[in-house]
Each structure stands twice: as structure tokens, then as C-alpha cells.
1. What three numbers, in Å, describe the spread of the alpha carbons of the chain along their principal axes, ordered from the longest?
2. What's the percent breakdown of Cα-Cα distances in region 248-309 across 10 Å bins, shortest bin first?
3. What order do you get for 258-271, 33-46, 343-356 when each peptide is scored by the mean count of other beta carbon atoms within 10 Å, highest first?
4. Identify all lysines with a Cα-Cα distance to K431 below 26 Å; exclude those on the same chain that are fewer than 8 residues away in sequence.
5. What are the lysines whose alpha-carbon lies under 26 Å from the alpha-carbon of K208, with same-chain residues fewer than 8 places away excluded?
6. Remind me, relative contact order of the chain in percent, using alpha carbon pairs under 8 angstrom and six or more residues apart?
7. Applying the Karplus parametrisation 6.51 cos²θ - 1.76 cosθ + 1.60 with θ = phi - 60° to the phi angles of region 109-117, what ³J(HN,Hα) value in whole Hz is obtained for each residue in order, glycine and proline being reported as x?
8. Calculate log10 I(q)/I(0) of region 84-340 for q = 0.07, 0.11, 0.15, 0.16 Å⁻¹, where I(q) comes from the Debye formula with a single equal point scatterer on each Cα and nothing for solvent.
Amino acid sequence: MTQSPLSAEGVEQSRLLATPVPGPRSQALAERQAASVPAGVATTMPVYAARAAGGIVEDVDGNRFIDLASGIAVTSVGAAHPRVVKAVQEQVAQFTHTSFMITPYEGYIAVAEALGRIAPISGETRTALFNSGAEAVENAVKVARSFTGKQAVAAFDHAYHGRTTLTMALTAKNMPYKQHFGPFAPEVYRVPGSYPFRDGLDGATAAKHAISALEKQIGADNLAAVIMEPIQGEGGFIVPAEGFLKAVVQWCKDNGVLFIADEVQSGYARTGQWFASEFEGIEPDLMTTAKGIAGGMPLSAVTGRAEIMDTVHPGGLGGTYGGNPVATAAALAVIEAIEEDGLLAEAQKIETIIREHFEQNPDPRIGEIRGRGAMMAVEFVDPATGEPDAKLTNAVAAAVRAAGVILLTCGTYGNVVRFLPPLTIGEALLKEGLSEVTKALRSA
């Protein structure tokens, strides 16, 4: 994890606060935003990006921020990886769009082949491409219903699957995702999952509770699919207890229910394996991917067993922009970058650095350090009661951002800070960003 002070893309890899935050140009843009963009489109940072590369985002005023967010796990290979930039430039010069449903092109097929190669699904696979994670989830549900002839879908406590009508129904957290936006899609059910820090259950016991709820509330005869993030993202980067997912997936297989692994945030080398499902030793029937799949270009996918995916009638899957040629070119470059640059190993190193940092800087308000690879989180609690401490979390995040570090929060209770740095971040930058978190915690 070494990196030169000046990245290949010309963005100096150092933190710098050249102006007060926000600076004058960011303030002017904020005024324009307020006059033209609805208030519902909120932003985390009060600054506006001008350039980004490696582990740095530079704003319009020349301030440089350490990036511990990767655009919500999107720019895993960096915001301007040379391979991705080159691939996008070359494709733009050829054509930007024909719609694969009208005049197909090789890039779409190549991405489907690549996903079939790296997905943790044995045998022959098929992949359909879309634009966003929510769109992928919706289409996975469509495929599951088509294949099984059943309608019900089950999701878990603390789940996040998107912001569309169907995916909001699958998502557990009300604010800010569901408030005032109902009614939601029918035939969606929620069952208890596995949150070891909060429920104290081992994997077998937690799975028993989940399976009991599936059988009693829905019934396998009515259930098309169970969907779960192998590491729950917005819910708090929750890693299920060992054996939980295996037991749930086995129940699905035994009862003619499809299991959909939502790998939108946890996939594509983020956890130190291609997909978080690999850590759990599970093989999904269908898998959704997005975010880091194309280095910042809008692209998502549903990959699944061929006999399932081929059930849908011709024309039943698609979309005007799905599998856009510029995005597919970027996606192929991302796979190349992960493999050629050894980024799976870099994700594992990032986990080691984050764990060691907080283990060497203990604090009774840290309830748990958890996650895998470069998808790590710290849960803050009241040390006397163990109750979630959202106020402390927000104070720490605000102080860290003011110091020039981009940091995100998450969690059903709003008491988790999450670390999603680019896999290309320099070790010194990562450690500097983590030190600001510790500093803010001590001052809070």
C-alpha cells in the first residue's frame, strides 16, 4: 500500500485545507443548488468536487480531502483509474449508445461472460445488465417470480435494497428512505436476521428464528425468493453470525425458494474477495451487483443460474440504457484493474490497518469493530448501557469532515461510522484519516 505523493492522474495525494470549508466557490455552488435542486437531494459534504484520484477528492476551491467513502463504494479502483479512463475514452470515440435491445454490441456480452467467470455460482450462468442497484434488485425479483410461479419475497431486518417502490418495501429503515412515500409494493415480508452484537445469537439459533418466521408468516409454497446482503450495508455493515446464511440458503434449496444475494455494496473486491458470499460459503441462485462494477459509470447486473434466468420470455428483461456501451467498457477495465493491480490483497491490507488502528486506540464508546476488507465499520454506544449513540456518531463524523476527511455514517440506529476507502488509497493517507476519527472521538 505505497503510493507516490503525486498520483498518475496528477492529483496530489495529501490532505490540504486551502480555504475555510466550504470555500467561496463551493458556497456559490450551494446557492445555485438551493435554487435549482430539490431539498430532498441532500449532500454529506458542503463542498463540490473538481478532481479525484487515488485516496483524494479535490474541491473547486483547491481543498483536498482524504476519501474514506469512494462515492458510497463505487470508485473502488479509484475515481480516475487510468485503465478505466482509457477504456471510456476509446468507447466514446466509437459510439455512446445504440441500446442493446435494438443493435447489440460485444461489450455487453463480454461483461456477462466476465461476471459468469467470477460469480460464486457454479455451472452455466446468464447475466442481464441494468443501470442501478435498485433496478438490479427489482429485476432479480421479477426473474425469481417468473421461474417459481410464486409471488412472495422475504427480506430481513436492517436490510437496504434501494429507493424504488419495490425496493423501498424490501428496505427496513424508514428515515430517510421510506418516510411519506408509501404505499409500497405488496407481497413483501420481513423476518429477523442476524446481528450478533445486538441479538447475541449464534448463527444456528438466529437462522432457526428466521426460518420459523418464513414458514409461519409466508410458507414456502408462496415464497418466490429470499433476498439478503451477505454484509448488510446501510443497516450498519452487519456481518451475520457464522452459519446463519448457510442455514438459510440450505432451507431455500430444500423448499424450492430462490436465494438472491444482494452484492451491490459488498461485491467487486470490496471485502477482499470478489464477493462477500464467498466468505459465507454460500452459492446464491441469483446475485445483484452495481456500485463498484464500472468505476463510476452507471451499471448494474443480475447474474444467475442459466435455467433460472432463461425462464423469462424474450423482451421481459431490458431497458433503454441497460448495459450502455461506455459503462460496459469501464466495467471490463475495472475487472482488469482488480486482477492486474492485486486489489483483492489491497482490500485485505486495508482491513488489517483499520482493525489495528482501533485496537491500538481503545475507547469504551466503541461497541464493535466489524466488517471485511475495505468494508469496515465502528459502532458507537453508551458505555454504561450499550445503547446506540447516534449523537456521538454524528458529532464524530461532523468533526472528521471539517478536518478534511470524507466519512459516512450508517446503521438502523444511526450510530455507525463506515469506512469504504478506494482500494488504491495510500497507507499513509488511510492512517491519517483514521487518526482524525480517533482525534474527533476523544474530543467529542
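None of the figures in this text is laboratory data; all of them are computed from the coordinates on show. The shown structure was predicted, so the numbers you read here are calculated from the model rather than taken from an experiment. Neighbour counts are summed over all protein chains in view; Cβ atoms, including those assigned to glycine, are modelled from backbone coordinates with ideal geometry.
1. Largest first, the chain extends 61, 61, 44 Å along its Cα principal axes.
2. P(r) for region 248-309, in whole percents per bin: 23, 48, 25, 4.
3. Numbers: 258-271: 29.0, 33-46: 10.0, 343-356: 18.6.
So the peptides 258-271, 33-46, 343-356, ranked by packing, come out 258-271, 343-356, 33-46.
4. Straight-distance partners of K431: K291, K349, K391, K439.
5. List returned: K150, K173, K216, K246, K253.
6. On the way: 953 pairs, mean separation 98.8, N = 444.
Normalised by residue count, the contact order of the chain is 22 percent.
7. 5, 5, 5, 4, 5, 5, 5, x, 6
8. -0.23, -0.56, -1.04, -1.17
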